[in-house]
Each structure stands twice: as structure tokens, then as C-alpha cells.
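Everything on this sheet refers to the single structure shown next.
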Amino acid sequence: MRRRPGADVVIAVVLPIACALALLLLSPDRGQPEGASPVETPLTTASLVCPAALPGTGADLLGVSTLGVDPGTKVSGDVQVGLGAEAGPLRVRTGRVAAAQAGTGPVVVTGTDEPAPGLVAGRSQSAPLAAVDCAPPVADQWFTGVGAGATHDSVLELVNPNAGPAIADITVRSPTGVLDVPALRGVSVPGNASQLLDLGQVVPRQAELSLEVHTSRGRLAVHVVDSYDELGSGTRAQDWLPAQPEPATSNVLLGVAKGPGERTLVLANPGADEVRATIQVVTPTSAFAPSGVEPIRVAPDSTETVSLDDVLKQAAKDGATGLLVESTGPVTATLRQVVDGDLSLLAPAPALDSTTAVVVPTGTKQLLLGGPDAVGVATVTAYAANGKQLATQRVELAPNSGADVELPDDASLVTLTPERTSVRAAVLLTGTGTAVVPLRELVLTGLVPDVRPGIP
Amino acid sequence: VSAADPRHAPLATRGREDVSVVLVSHDGARWLPTVLEGLAGQLAPVEHTIAVDTGSKDGSPELLAEALGHDQVVTVPSATTFPAALRAGLARLDELGTDTEWVWVLHDDSSPHPEALLALLAGAADDPDADMLGPMLREWPSLKRLLELGVTISGTGRRETGLERGEYDQGQYSEPRRVLAVNTAGMLIRRRVLDELGGLDDELPIFGNDLDFGWRAAAAGHRTIVVPQAVVFHAEAAHRGLRRTPLTGRHTHYQERRAALFTLLANSRSRVWPLHAVRLALGTVVRMLGFLAIRAPGQALDDLAAYVSVVSHPRDLLAARRTRRARATADTETVTGLLAPRWLPYRHGLDAVSDLATALTQSASDVAERRRAAAAEHDPSSFAARRTEHIERLEDEEMVEDTGLVARFLTNPIAVLLAVVVLAMLVGARSALGHISGPGLSPAPDHWWDWWSLHLSSWHELGLGTAVPAPPYILPLALLATVLGASPAAAVSAVLVLAVPFSLWGAWRFLRVAGRLATPAGANRWLILWGATTYALVPVVSGAWGEGRLGPVFSAALLPWLAHAALGFADPEPDRRWRAAWRTGLLLALVASGTPLAWLVAALVGLVVVVLAFTLLPGIGRDRTAWGPPLVALAVVPVLLAPWWLPALLHGAGAGLLLDGGLLTVPTPDGTDLALGRFHDLGAPWWLGVVLPVLAAMALVPRRTRIPVLICWVVALLAALAAAGLGAVTLDLAAVSTPPGLGFLLLLVQAALISAVVLGVLGVERPRGLGRAALGLLATVAVAAPLGGLGWFVVDGGDQLAGGRDSGIPAYMVQSSQLGPEHGILVVRGSVADGLSYTLRRDDGVTTGEDEVLDLTAEDQDFTALVRGLASRPTPEEVDALAARGIEYVVLPAPADGEVAAALDATGGLVQASAEDRRTRAWQVDRPLSARDLDGPRSWLRIGLLVLQGLAILAVLVLCAPSTDRARDRSER
């Protein structure tokens, strides 16, 4: 006969099992509160910096306008124009371009509250034709194809729009690699001041260089004036070299002028690996690889120059609007063209997703569109300086195609609204020379970060 | 009586020997028959006997009248003082026309030996200059113990007899000698001297008048001797409180003390006697503290009242001094020579300390022994009694020859092994030396007062200012730091280095007693060594030690002591149970100060034990000394921790009541971790921890010790249940989310498993064959766990403890921040894309104890908004707000977010400041700084709670001290 187990035996079996079960229930939550993404809110203050006027003849025009946070509503208000204590108010209204009388020095345009979102400004000169978009200060910018020699020289202008001092670190890349230039390390710019750095004096060298400007302290707006002396002509052509916000593997350079001329593509590879780049010619209807152009090899941390005089001679005649440079690694690029004795510089245009605008001088001009990544539509509207809408046009876009929109001569403000696709755009100005102004994404909102107490 | 006896001297050479007796009685019917019999039996002739009865309510007057005749009995009211009663007796003698040379004074509780008077008279004959003679007083009813052989007084007012306590009369005193005074019980005095000195002083109604009289007599040039051959048995009824008169009241101590102080101050011949009064005041304070320390508050108050009573009547005192000075004729030196030596009070102090030490050592004899002794006493034929006898016999036989200490140590393998283990633990703890910090430990503050001010202040200028109280473990740390040469860093090191050996010691003590409670033979020392070592290593292998988590380490060191103290609830003596209650309460409060959950779990365990006890032992509810102590132990904790507990709840920091001491975040253990004894992924290899639960489960197999092992498992189950319940909770603090601190539960589970294994092994019968081999294997496996843990500890146990923590803040800013609370540093980490977090650094940064305060402080929404504004669109107004909040620098440690940095660069009022690392960005606030916004109100509630805590600590310390023999003597009386 089997004996029934005693109570102690039962408890001795039950207790450890109960213990184990209780422990199985224990799985504490060790998760920590994560930092959340920043919140976008309308910009309450915005600064744009226009470079000093070019030391040439011809009318110097500085136009300011604003889009407002919502393109549908009209806003108006005063913005401050000028550097530091010299700043004075200027009334701006949506759709109109206010002309600022601000002297030949660099100008800071500061908008607060309503005019701040979508603040846009441009400076241009008529003879020879040159134009630049006044951009907000950003921490990193690339300038490719600058020169520091007798025939091709570049001057760097650093403008500090704020009260505190700012410091820039400039890396110079040459065909043989990064140059050690102590004068360009830790360049300090006092508050509300500007500084000019003539590369021909700082780093004299007969080669195509590229600059990487990093603002390590404060905020700096950087502009480069490129001057080119076509050998033998004796005349010195000048224009602003647009900045590239960051190296990319696909760069669209829009703004190829019609007619023959000297065209030089400069590529810079800031990476540590060699990059192979291929070139396609962009026309309003297609993009094709021109014959006879080998893939370009760019050594790490160096620049490479390719002459495209022959390649683009026929293409420009056939309506080519730009170049597409695709590479195995991120590169920066500039196409320098000297057509009819005037210098114009093409830098990669950034992709645009939302409404943007550009202030341009009156005169012959066309808006070049390219590099859409999907099928979509872009609406282009041109306004006269007084706010009158001169023309509007809807452009169908598809990958591998672009557009070439003629703009009225009186147009001072051009808005572009892409839909369902992103697109790259530049205004090609012609007249007493050539100038190219790429369009950039306007800053409408600011990011308010998620802030919480940290672990002490 | 030999021929040389002075009593045989010729009569002619002897003085007058006519004697009258005055017997004073009050409610002395208990003793009177014997006293009267003794009086009647005197060998020497007595001329007259007068009895003075002071309003007795028992049959004393009748007894006296019966024995002596009505005329010889004087009846006076009960409020009559002893001096007055004596005077009444003398008056009656005068009335009767008796004019004897001598008067012999007797009390109703002093019974003279038949030869007493004879011997006194012989003494007088021997020493014709003697005016006052006293007998040897022996204890009544024991008749053997010596009470007094003349008395004197010490500088502190203590009545000195010069005898050992409980000294027996073995004829060691045979020569008459000169003394300051003799007791009035049995005092033989020349009548004229008595009259000349004005009798006894009425200021001293019942106690101490003999000393005063003796002193006065000596000052007046009279000689007092004590004659050892004369023996009087004295019950000291009034002194012992056996008899209450309207004069003694309930406070005999008060009367005695008052008399002593009065005597000292009135008779002191010194010119600076007011200084003496001051010294006595200090002495009174010391005596009061002493009485409080031995739990005699009544006597302490009596002491105080006596002093106040004497000094508050300066006129009486001055009058007394005047009369004494007028009569003083003898030189001061003669009198001083009769007083007690100066050093005597110190000697008594030393005696008191040694008494306490004895009591402490005796209290070490454990509960198991005392239970067995109690059982043996209860039933002498029981097994327990026979065993006790057997063990005693064995111990007697085992009295080995006294060899040298070194030889005994080296020939004892346990001692050697223990020493090696402790040494290894100390080597393993080497990284805890110096000014350290770790993942769970902020660096210690620089000054010893920092912890005190953290503990004592009700508002801290930390962060943005907070009223959250400092964690409770700061108080013991502050005490330790103050003791250890005012060095907080040394205190932290001491806790970390000594915690492991200290818990080894505690575990040893606990396991030894637990083993004896479980089985009569107890655990052998190898087993105890295994258990104690395994337990001592729990905080180490769990990873708490290596992270520098003071809370769990502190608790681990004290837990075995707590458990040992709690075993005292099972003591057979109620007094010891109460002592155990206070001791357990104190230790539980200390453990709970490191790991607050301990209190909750203790309450849970207590509840279960109470329910079980009431179920199994139905009568227990009637015995207050059975259920009272555990209740007291639990109730003590909230009182001792009140300055932390209440304000924490009031200021929204209640989560702190569930969090272990140390830096957040804690790697909280899950169920498996708890069983293996690991803080999640910290500590020694996890597989070492498997041994313990497996062995603990196997410990349930032996039948003999199954019940105690089951008790251990019940404790483990309760801990596991508590952990499961609490683990589901998430505490959302300002900066972190964390489960409650489960450190104590981990310790408790491990401790319960270890105890289960030790107790289980005790139940293993002597195995044979295969069983023997299996047990050998198990033992090997068991030994592997602590050995592996110890090895791991020695090799890389503390590699996470480091000398200093790099905060990424430039050194000059840190220096500036130490200038004052308004020189704060706002540190912003993170990026705009992933979110920013800010902390504030003030003074010397976050030090031990401050992190809990900051962790538990609620988020200041306004300040968060301010930082948000600064990080997105800084304005000069926001910079002004920073200055107002007492912030001097804003730092973005590397890698600084460029956008935020650029925005701050562009802001007026912020001046860029340099930093060594270029990726670190910093700004100085160029505005007048202010600490005004940092300041907060003083909380009287917390001050009150701190006072309460201080008093409670003192009270509990007094209450948990062992009862000394003196105290016990007193309680027996």
C-alpha cells in the first residue's frame, strides 16, 4: 500500500515551483524615455546675407521679397537691411520686390516674425551681368573650381551677421590633395563684420582648387567672387561662384549658355576613396551621354579638371541646359563657362520640393528645370517688382527630362512650385553677359528640439 | 574572646560605659521583634531604652510598648524627620533624668549582634579619644554580606564604603579605624558631643544625615571610629525602597542625592565652593546621561531635581555653611584625609564601562543556547537538559593547555582559511581605495560637512533648487566620514572595502545560531564558512559592488546582523526580546536607508509570521512580549527615517521610497537574474549563480531539517512575490523611467537560499557508498561557487570603479562653479534631431547623495521651456533668465550640435568661452548672476523631524543596549 506524502513533502515541492513561477512573472521594463523628433514651427527670425557688390561698373541692384509662411496669404512688414549698426528698415510685401539702398558693402537682410519665413533676396549687377542669391548663413559650404593664380583668381568673402565673433575653418583641395594653408585655419570674423580672403595671395597656385568652408563658431555667410582672365583677351570677367551645400553622387548643373565658349568642369572629391564620375548632357527633353567623353577619375581629397569646350559646343547650340554628373562617391562640381567674354559659373542646383522663389534683375532670362525624380508638374510664376503677376506657366515634368521656361524681361521675382516631384532649377540671365542663379529651398520653418531634463 | 581582648582591660582604665539606647521606628513590625530580641540580648548593660515611633500604621507601637513599656515609647507624627525623632528620644531621656555618657542609636531594621554594644564600648575604651563609634553593618537577611564599615563621601557626592559590591565578611577587617562617618544604625556617640553638634541636621530628613553629621563632627575635631567586632545587621529598608514613608516618598534616589549634594556643599571648606557647585552641575548632567544610557530615566530626573532643589535654596545652604564654619576647629587636612580620594569617581566610571562591556559579551551567548538553557531549567529531565550537561562536561574536559596565539591560529585550518578568504576579499576590494566613482556611485564630496549640510538642510541649492530631502543613508555616511578623519572619500572606501568582510562576519554569526536553532549540534564550522563566504560575495558577484552601488552593498553588510538580531524574538527572556526589538528596528532602519524596500518586505515577512504564529500558537495574542517586539521593530523604522520619509512624500519624491541608494539608472534584475543573484548583465559569470538555487532545492530532501529549510524557502517566495509585484511598476521620474530598486530582494533571495543550503546539509544522515560519492560531488560543486566568485573578485571585481569621472566640462568652469551656487553650469547634450537633454552642475558637481535628490526632483517646466527656446531661437531675454536662475556657463559637450551652437553664438549676452576639445562649445552668460531664484523656504517640519530623528536614535541606542548587571540588580530589588 502506498503511503500518502506528508504535508511537508507537498509544501517542499510546491514552494520552489511557486518561487520559480513568481520569478518568471518578474520582467521589469528597463526602457528609457527616448528623445523625440524636433517640431517644425514657423520661422520667427531669418537672416540673409548678400555679398559686397562687384568692383565693376553697371547698376547694382539689391532686391528683397518674402513668400510668407503660407504662399496663399499676403504678408508685409519691415525687415532690417544693412550690416550691424548701419541697418535700416525696408518694407517688404509678398509678391513684390523691394529695392534696398544699402551701399556696395555686404548687406544683411534680417526679417523677424511675419516676413521671416520665405525671406528671399538677390543682388545683381548689369555690366557685366552678374547675379547672386542672398543665402542664409550655413555651417558647411563647398566651393569648387576656385583659382589662386594670375589668370584665375578667387576672393572669399566671410560675413558675420551676428553680434558674436565667428570662426571658419577652410580646407583647400588641389589636384594633388589637401593643401595645408595655416591662414585659412580658424579664420576669425568679428561680430557684424566681413573679411575678404584673396586666394591668390593666401595660397598662390596655378591650379583648380576647391574649398570646404566649415563655420566652427558662430554663423558666417560665405561668398566667392571668381575672376577669370581669358588668356590673351586682357579683360577680366567676374561673377559669383554659387556654393554647393554638400557633396553628392548626382549633381545637376543647370545654366549652360547658348553659343560657343570655353567650358571647364571642375570636380572635387572630399572622400577618402577614388571616385569615377560620368557626364551626361541635360536638355529640356532628355539627358544623354555625349560621345568621346571618358569617365573622369577623381583621386581622394583632390580636384580634377576637364575641359568640355568641344563636347558642349554643339550641345549648347542644340539647346542643352545643363550637365548631370553622376559619380561613384560624393563629389562637388562647378562648370565654368566663358561665353561671349563673360564668365558665368554653374554649381549643382539643390532639389526643390516646395514653393521657392528667387529675386532676379530685369532682362532676358529663362528658368531652366531639370533632374525631376518623378512625373509631376511645376508652376512657374513671374512677378514684376511692383507685384504685378506677369506670367504663369505649368510645366509637365518627367524623369530624364527638364524644361526651359522663358521669363518676361520685366520679371523681378520668380516663384516655382513643384508638385508630386522634386526638381532642380536655375535662372539663366543673358544680356550684357551671362549669369546663372540656382534656386534654393526657402526656409519657412524652424526646428524646435525636444528638450527634457537629463540624468544628473 | 581572648585574654588580649580590650574588653578584659581593668575597669579603672576604662571610661564611663553607661549607655542609653534610642530606637527609631516607622512601620517596622517586620523587623522589630528581631531587633528587640537583639537589644534584649546585649551582653553589655543598657541603662535606658527609648523607642521613638514616627506614626507607624502597622503594629510597631504596640510591639515596642510591649517590649519596653509605655513610658519608654515616644510617639510622634509620621512626618517627623529622623533628626527630630532622635531629638524626641533624647528629650524623653532627659525627662526621665537619665544622663548617660553614651547614646546608642538604632533603627527598627537594624538588629544588633549580642556582642555589638560590648564591642563598641571596648572600642571606646581602647581609643578614649573616640567620640563616635560605629559597628560593622552586615546585610539583613543574608547576614553575611558586608554593607558598611564606616562611610565617607566622594567629590561627586557618592556614598563610599570602601567595600566591594557583595563583599562577604570573612574576618578580613579586624582593626578599628578612623572614618569620616558611621551609619546612624548602631552609632554609639557621646551624649555631649551629640548635643554640642546640635544633633543631626533637619535639612536631611532621612538619608545622608549620618555623613553630614560625621563630617561636622570631624570638622569640630571629634574622632569617629568603626569597630569591626561590633556587628549590626541592617535591612536598609528605606534605601532599598522596602519601606515608604512620607519623607522618602517614591523617590528615594532623589532624597539620597539631595542629601549628598547638600552635605558636599554645606561642609566643603573650600573658598571656591561655588565652583564646586558648578562642577556638580556638570557631574549631574553626566550622571543623568549615564542613567539614561542604562534606561533609568526616573533616576536621571531625580538627580536633576535633587541638584535643582539644593541650589534653588541658597539661603538654607549659606545658613548651613555659616553654622558649620562657626563650629569647625579641626584643620582642613585632617578632614580631607577622611574623604574619599579624588580619583575614585573616575574609577567608578571605568567600572560602569566594564559592566557594559561584560553585558555586551554576555549578550553574545546566543538565542539557541538560551532557549536550550531555558528548556533545561523548565524540565530538568528533558533531552535539552541532558545535552547541556553533556556539553558542559565536554567543555570542561576540553580545557586544553594554553598555547600561543600564533600556534593556535596556525593549527586551526578554519582560522587559516577564514584569514585567506578575508585577505582575498580585501585584495579584491583594492580598487575601492581613494576618491572613487562608478556607474552607480557619484564621487564623494570634498568636505565632511557637505554630507551633514545635505542631511540637515531642508532646501538644497542643487539643480534649480529643490526641497526633496537627502537620502537616508547620508546620515550614517556622514557619521562615518566624521569619525574617519573628516573624509567622505574615506567613508565611501571604508564602506566598500569593509562591507564584504563585515557581512562575512555577520553571516557567520547568523548561520551559527540558525544552525543551532535547527539542530542541537549546530552547523560545523566548515559549513558556516561556506555559507558566510557565499553570502558575503553576493553583493560582489551580483555586480552591485563593482558599480559602486552603496545602497545594496550597505544593506548586504547589515542584513545578516539584522537577521541575527531578529532571531532574538525567539529568546526565552522577555527583556532580551525587547532588546532584540530595538536592535532589529535600528538595523532595519539602517538597511532600509540603503534599500528602502527592506522595510516593506520585513513588514510582509512579519505579517506572514504573525499570521502563522496566531494560527499555530493560539495563546500568543495574550502575551504582549511575544508580538510586541516585532511590531516595535517595524514601527521604529518610519520614526528613524522620518526626516526623509515624510518630506519625500510631501515634495512629490515618493518614488524614492522604492528606489535603492545610488545613481540611476539601475540595471534591474529580472526573475532569472534574481535567482542567479545578478544585477541583469553585471557581475561575475552568470553560470556560477546556478549552483545556489539548485543546492537550495536539494536541501529540501533531508527530512530532519525540512521545516527550517522550508522557512527559508517561504522567505524566498515572499521576496520573489514582492519582486514580481514591484517589478511591474515603473517609476517615471523627471529624467528617467525605472522599476523600483530590487537590490534588497535580490539579497534576500540569495540569503534565503544560502540559509536553506546550510540548514539542509545539517539534515543529511551519515551517507554510505554511492550516496557518499554523490555528496562529495555536490560539496565540490558547492565550493566552486564561492571560490569562483572570490577568484573573479580578486582578478577583476572592481574594474568599473574609477578615480574620477570626466564630465566633459572645461576645468576653469568647474573651478568657477565652486565659487558659489549662482555660478551654475547648464550642460546640454544631444542634438536637435534626436532631442536635447539638459543638466545643471553646481558647486563641486553631483556628489554622493545629491544624485538621488536631483533624480527625484520634479521637472521644472518653465526651465525646460527656457532651454527649448535657447536651443531653437535664443533671445537676450532668455539669457537674462539664465542669469537670474544662477547660470554662468552654457556648455554643449562634444559633439556639440552645430545648429544650437550657431544660434547661441549669435545671441547677445552670451560670450563664447573656450574649451579644450574643439567639439565642445561653451558660452559665458554676460549678465549679473543671481542665486535668488535658487533659494527656497526653510521647512520647520523637517527641522522638527530631524530633531525627532536625533532623539529617536539616542533613545533606540539606549533601548537596544544590553541590560547590565546593575540594571538587572535594580530591577530585581
For the stretch B:191-350, with +1 on Lys and Arg beta carbons and -1 on Asp and Glu, the positive-most of B:T332, B:H222, B:V285 along the dipole: B:V285
Taking only Cα atoms of the stretch A:231-312, radius of gyration then Dmax in Å: 14.4, 40
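Based on Cβ point charges of +1 for Lys and Arg and -1 for Asp and Glu, what charge dipole magnitude is obtained for the stretch A:296-425 about its Cα centre, in debye rounded to the nearest 20?
200
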Spherically averaged projected area of chain A from its Cα convex hull (nm²): 33.5
Whether the stretch B:521-658 is rounded, prolate or oblate, judged on the alpha carbon gyration tensor where a/c under 1.5 counts as rounded: oblate
Cα lying deepest toward the dipole's positive end in the stretch A:88-221, options A:V202, A:G147, A:A135, charges on Cβ: A:A135
Ranking of B:I711, B:I414 by count of other Cβ atoms within 10 Å, fewest first: B:I414, B:I711
Partners for A:K313 among lysines (Cα-Cα distance below 27 Å; same-chain residues under 8 apart left out): A:K258, A:K365
Within the protein assembly as shown, percent of DSSP bridges classed antiparallel, to nearest 5: 85
Rounded Å value of the spacing that divides the Cα centres of the stretch B:341-358 and the stretch B:565-617: 35
Averaged over B:828-838, number of beta-carbon atoms from partner chains that fall within 10 Å: 6
Cross-link partners of B:K57 among lysines (Cα-Cα below 30 Å; sequence separation of 8 or more within a chain): none
Rounded tilt (10° steps) of B:413-428 against the dominant C-alpha axis of chain B: 50
Nearest 10 degrees, 0 to 90: helix B:861-872 Cα axis against chain B principal axis: 30
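For chain B, give the share of DSSP beta bridges that are antiparallel, in percent and rounded to the nearest 5; count only bridges with both residues there.
Around 55 percent antiparallel, to the nearest 5.
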Selected from B:L742, B:L882, B:H251, residue furthest toward positive end of dipole (chain B; charges at beta carbon): B:L742
Helix axis angle, B:525-536 relative to chain B longest principal axis, alpha carbon, degrees: 50
Evaluated at q = 0.05, 0.07, 0.09 Å⁻¹: base-10 log I(q)/I(0), Debye formula over Cα of chain B: -0.48, -0.80, -1.02
All lysines inside 25 Å of A:K74 as judged from Cα atoms, apart from same-chain residues fewer than 8 positions distant: A:K388
Check: the protein assembly as shown dipole with +1 on Lys, Arg Cβ and -1 on Asp, Glu Cβ, in debye: 4080
Likely footprinting exposure, B:W505, B:W104, fewest C-beta neighbours within 10 Å first: B:W505, B:W104
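Where in the stretch B:72-168 are there GluC sites (Glu not before Pro) that are in a DSSP coil and have at most 11 other Cβ atoms within 10 angstrom of their Cβ?
Those that pass, being in a loop and sparsely packed, are B:E164.
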Paramagnetic reach from B:A374 in the stretch B:614-635 [backbone N under 20 Å; point 7 Å along Cα→Cβ]: B:614-634
Average beta-carbon neighbours from other chains, 10 Å sphere, peptide B:720-726: 5
Cα principal axis extents for the stretch B:865-973, largest first, Å: 87, 31, 21
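Assuming 0.36 nm per residue, please report the length gained on full extension of the stretch B:V46 to B:A833 beyond their Cα-Cα distance.
271.9 nm
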5 angstrom amide H check on B:G835, placed H, neighbours 5+ away: A:D450
Compactness of the protein assembly as shown, expressed as Rg and Dmax over alpha-carbon positions, Å: 50.4, 168
Order of A:I17, B:I153, B:I206, B:I953 under a 10 Å beta carbon neighbour criterion, fewest first: A:I17, B:I953, B:I206, B:I153
Given charges at beta-carbon only (K, R positive; D, E negative), |dipole| of the stretch B:847-973 in Debye: 680
Over chain A: helical MRE at 222 nm, DSSP H runs n ≥ 4 each giving -39500 (n - 2.57), nearest 500: -2000 deg cm²/dmol
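Bear in mind that the values in this text are calculations on the coordinates, not laboratory data. In this text the structure is predicted, and so the values were computed from the model without any measurement. Positions of Cβ are generated from backbone atoms using ideal geometry, with glycine treated the same way; all protein chains shown enter the neighbour counts.
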